[in-house]
Amino acid sequence: MISYLPLLLALLISTTTSDTCGQDRVVLGDWFVAHGSPDLLEEPIPPLVDYVKTNPYDDPSNPPPSPDVYCAMQWSNTTDPATGLRKYRLKNFDSEAAAKSANFSITHKGHCGSCSTLQDLGVYIRQNLTDSTRRCGMEGIISSEWQHECLREIGFSEECITIWAYNIINTRSNCFWVCMWSNVTKEPFNKPDGSLNDCLQCDEDKSGPNFKYFSGRTRRNSGIPSAIKRPDSQRYYMEHCYWYGDL
């Protein structure tokens, strides 16, 4: 009898490490978290790489039109005197070719936003965020401070935390009961036909557009696999091979 186990294992490994250039997901993610703080960014910084200062869900005209661009990074030769870590730049480019010509590495499709830092990339790479951010949302029912601390413990930058917090609040307001039922029944993320469960679909419809615009980075546009199955057409396939030194 032919054993298909080696083939299945090889397929699993290739699909789970392709975005990390074959590196261990946790090791690479931890490296980006440690070397990608927003404090290491050099000017000029793209305008949306900042705290989201007001709740974007309060303005029904949001989100604004999103340009068809790419967010790219480049390591600087300058080091931070306090940490000895290299600084880096983020910049929006109209095309992949333009970024490559300027010696930048694309870090995700779409414009740079509050979660486009390499610190946040590391958080997205190293763990499944669906369960952990859902836990933060549950803690937020009791205390916004608990929610904030929960998101900080995951590793997000303070800038990125702002849009995650607004997203959680909006989803709680619009999808509370359908998501409570989903949690109580331990409903799978995807229905048998591959579509999202009702909680995730509600979040996608009610909170997704503003979150994607203001965060800049998502797992999908960064080529990072998720426990939530999405159509291939929604994912930008890429690799994050731009670390320096040893992992």
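The values are calculated or read from the model by the stated rules, or taken from the named source; none is laboratory data. As the structure is a computational prediction, the values presented were derived from the model and not from experiment. So basically every Cβ, Gly included, is an ideal-geometry build from the backbone, and we count neighbours across all protein chains shown. Calculation scope for accessible area: heavy atoms of the full protein, side chains included, ligands and nucleic acids excluded. Shrake-Rupley method; radii C 1.70, N 1.55, O 1.52, S 1.80 Å.
Restricted to the stretch 180-202, and to residues there that are open to solvent by less than 20 Å² (accessible area, probe 1.4 Å) and over 29 Å from P65 (Cβ atoms), the residue that is modelled with the highest pLDDT is N197.
One residue stands out among those in the stretch 219-237 that are open to solvent by 20 Å² or more (accessible area, probe 1.4 Å) and among the hydroxyl-bearing types (S, T, Y): the one that is farthest from Y51 (Cα to Cα), which is S233. Screening D205 on (1) surrounded by 15 or more Cβ atoms within 10 Å (Cβ to Cβ); (2) under 23 Å from L48 (Cβ atoms) shows it passes everything except condition (1). One residue stands out among those in the stretch 186-221 that are among the small types (G, A, S) and assigned to a helix (DSSP H, G or I): the one that is nearest to N174 (Cα to Cα), which is G208. If you check I169, I224, I163 for being assigned to a loop (DSSP other than H, G, I, E, B), under 19 Å from the mean Cα position of the chain (by Cα) and either aliphatic (A, V, I, L, M) or over 25 Å from Q23 (Cα atoms) (or both), only one passes: I224.
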